[in-house]
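**Q** Structure below; questions to follow.
The values are calculated or read from the model by the stated rules, or taken from the named source; none is laboratory data. As the structure is a computational prediction, the values presented were derived from the model and not from experiment. When we count neighbours, we look across all protein chains shown, and the Cβ atoms used for this are built from the backbone with ideal geometry, even at glycine. With ligands, DNA and RNA removed, areas are computed over all heavy atoms of the protein, side chains included. Shrake-Rupley method; radii C 1.70, N 1.55, O 1.52, S 1.80 Å.
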Amino acid sequence: MFSYVTLEQRIPANHPLREIRVLADRALVRLDAEFDQLYAEIGRPSIAPERLLRSTLLMVLYSIRSERQLMEQMNYNLLLRWFVGLEMDDAVWDVTVFTKNRERLISGAISQQLLDAVLVEARAHELLSEEHFTVDGTLIQAWAGARSFVEKSDPPAPGSGSGSGGEVLLRDKVESTTDPDARLFKKATADKAVPSYQGHVLMENRNGLVVAAQVTQSATVAEREAALSMLDQVVAPRAERAPEQEITLGAVTQYQDAQFVQDLRDRGVAPHVSEYVKGNLGKNSLTEEERQDPRRTISQRKRKLIERVFGWSKLDRPLRQVKLRGQDRVDWFWKLSMTAHNLVRMRRLIPIESLAQ
């Protein structure tokens, strides 16, 4: 069959994927050196890492539930072929070959570097706030069943569990035979404990872009520990910052903890954490000056933007119940999903004429 219309011409000029691909390609160019280190110069040709990453981005953007379904759709969907970089007559990869090649990117932590590369483009267009941030976490349901949990052979000692004050809880005494890193956890007393991980996000407050992301095992203190870890990745140490640079961090009452608030003060970060108004009043740790900070009201209003990130990634997308097993793999996919969110946001924030340059 001969066609006088190229694959490029078949894609509408105003299709959203066109702008997303331009942004993704610019980020991928910055990772050329990293790709060279991951791939050997000898041996059988592998799937190009750029195509692997574009394919995985499609899984997030179009809520494709599995690699097998992705390969099936790429076989006949010209839009997906164009985005990945395949011509109309190129063969689609075997699903096993695809997943094995992706493991190389997971071991190289490429999703974190891709997120950083996309943020370089956002920073070049002055889309990021360098001073005002919001942090929050959400549960990611693991690919494991409750019946797969059995008692651990070496449970933690008393005082070293994942509960408050090191309390040893049920999730510390049992583990899944299918996904040992997953834990039984619930965020509310009335909820049912499910095998899960916790996904954490640090968002800048100007345009709601994700500047850091991380996945941890489910635990009571995991959100606060991850918040400090991500903050240290993004914000320079207090001694290295300009005196006029004032950092703020907005958060929900889950982060209202005396040690966490003090850790923020030690880093020179204003703790714009919401306080308990009934019950747990003893946990409120802000000073009167911190409560009266006029920026705190703005941080609490901006804080709601982070819920859009979680809603976008979990409502009907693969992260509603992640299909990967193991904390490292889930962390890799979580960061890639946050990168996809940023690309969708940036497509609306960057003028089209800037992308055409």
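**Q** Report, by chain and number, residues whose modeled amide H sits under 5 Å from the one on Ile247, excluding near sequence neighbours (fewer than 5 apart, same chain).
**A** Those lying under 5 Å, H to H, from Ile247 are Ala270.
**Q** Gap in Å between the Cα centre of region 123-202 and the Cα centre of region 236-306?
**A** For region 236-306 versus region 123-202, the Cα centre distance is 23 Å.
**Q** Per residue, how big is the convex hull of region 253-302 when only Cα atoms are used? Give it in Å³.
**A** Numbers: hull volume 4.0 nm³, N = 50.
Enclosed volume per residue, from the Cα hull, is 80 Å³.
**Q** In the chain, with Lys and Arg counted as +1 and Asp and Glu as -1 at Cβ, which of these residues, Ser46, Pro155, Ala117, has the Cα nearest the positive end of the dipole, that is, farthest along it?
**A** Pro155
**Q** What is the helix-to-structure angle for 67-76, meaning the angle in degrees between its Cα long axis and the longest Cα principal axis of the chain, kept from 0 to 90 and rounded to the nearest 10?
**A** Approximately 30 degrees, to the nearest ten.
**Q** Still on this model: In whole percent, what relative contact order does region 20-129 give with Cα contacts below 8 Å and a gap of six or more residues?
**A** Working: 63 pairs, mean separation 41.7, N = 110.
38 percent.
**Q** Separate question: Over region 193-279, with every protein chain in place, what whole percent of the accessible area is carbon and sulfur at 1.4 Å, could you tell me? Can you show the working numbers first?
**A** Details: 1550 of 3250 Å².
That fraction is 48 percent.
**Q** Per residue of region 271-286, what does 6.51 cos²θ - 1.76 cosθ + 1.60 with θ = phi - 60° give for ³J(HN,Hα)? Whole Hz please, x for Gly and Pro, Karplus curve as stated.
**A** For region 271-286, the Karplus-derived couplings read x, 8, 9, 5, 10, 6, 10, 8, x, 6, 4, x, 7, 4, 10, 7 Hz, x marking Gly and Pro.
**Q** Quick one: the Cα spread of region 293-357 along its three principal axes, in angstroms, biggest first?
**A** Sorted largest first, the three principal extents are 42, 42, 21 Å.
**Q** Nothing charged except the Cβ atoms of Lys and Arg (+1) and of Asp and Glu (-1): what's the magnitude of the dipole of region 88-217 about its Cα centre? Round to the nearest 20 debye.
**A** Working: 13 positive and 19 negative charges, 117 e Å.
Charge dipole, region 88-217, about its Cα centre: 560 debye, nearest 20.
**Q** Quick check: the angle from helix 16-29's long axis to the longest principal axis of the chain, C-alpha only, nearest 10 degrees?
**A** Taking the Cα atoms of the chain, the angle to 16-29 is about 80 degrees.
**Q** A further question follows. Would you mind getting the Kirkwood hydrodynamic radius of region 224-357 from its Cα pairs, rounded to one decimal in Å?
**A** Details: mean 1/r = 0.0571 Å⁻¹.
Its Kirkwood hydrodynamic radius stands at 17.5 Å.
**Q** For the chain, what is the percent of antiparallel DSSP beta bridges, rounded to the nearest 5?
**A** So the antiparallel bridges amount to about 70 percent of the total.
**Q** Calculate how large, on average over all directions, the projected area of the Cα convex hull of region 189-272 is; give the answer in nm² to one decimal. List each step's numbers first, then the result.
**A** Numbers: hull surface 26.0 nm².
Taking a quarter of the hull surface, the average projection is 6.5 nm².
**Q** OK, next. Give a quick list of GluC sites (Glu not before Pro) in region 162-232 that DSSP marks as loop, anything other than H, G, I, E or B, with at most 14 other Cβ atoms within 10 Å. Each step should come with its number before you reach the end.
**A** Working: sites: Glu167, Glu175, Glu204, Glu223, Glu225; in loops: Glu167.
The qualifying sites are Glu167.
**Q** Let me spell out the model: positive unit charges on the Cβ of Lys and Arg, negative unit charges on the Cβ of Asp and Glu, origin at the Cα centre of the chain. What dipole size does that give, in debye rounded to 20?
**A** Details: 49 positive and 49 negative charges, 253 e Å.
The calculated dipole for the chain is roughly 1220 debye.
**Q** Calculate what fraction, in whole %, of the accessible area of region 121-173 sits on carbon and sulfur atoms when a 1.4 Å probe is rolled over the protein chains. Don't jump to the answer; show the numbers that get you there.
**A** On the way: 1400 of 2860 Å².
The nonpolar share, carbon plus sulfur, comes to 49 percent.
**Q** Name the long-range amide H neighbours of Phe185: under 5 Å, sequence gap of 5 or more, or other chain; modelled H, no Pro or chain starts.
**A** Answer set, sorted by chain and number: Val194, Ser196.
**Q** Could you do me a favour and compute the accessible area per residue for region 177-267, 1.4 Å probe, result in Å²?
**A** Numbers: 3810 Å² over 91 residues.
It amounts to 42 Å² per residue over region 177-267.
**Q** Which one, Gln256, Ala226, Ala182, projects farthest toward the positive side of the charge dipole computed for region 171-259 from Cβ point charges (K/R +1, D/E -1)?
**A** After comparing all options, I get Ala182.
**Q** Still on this structure: So what is the relative contact order of the chain, in percent, for Cα pairs below 8 Å that sit 6 or more residues apart? Intermediate results must be reported in sequence, preceding the final value.
**A** Working: 518 pairs, mean separation 75.3, N = 357.
So the answer I get is 21 percent.
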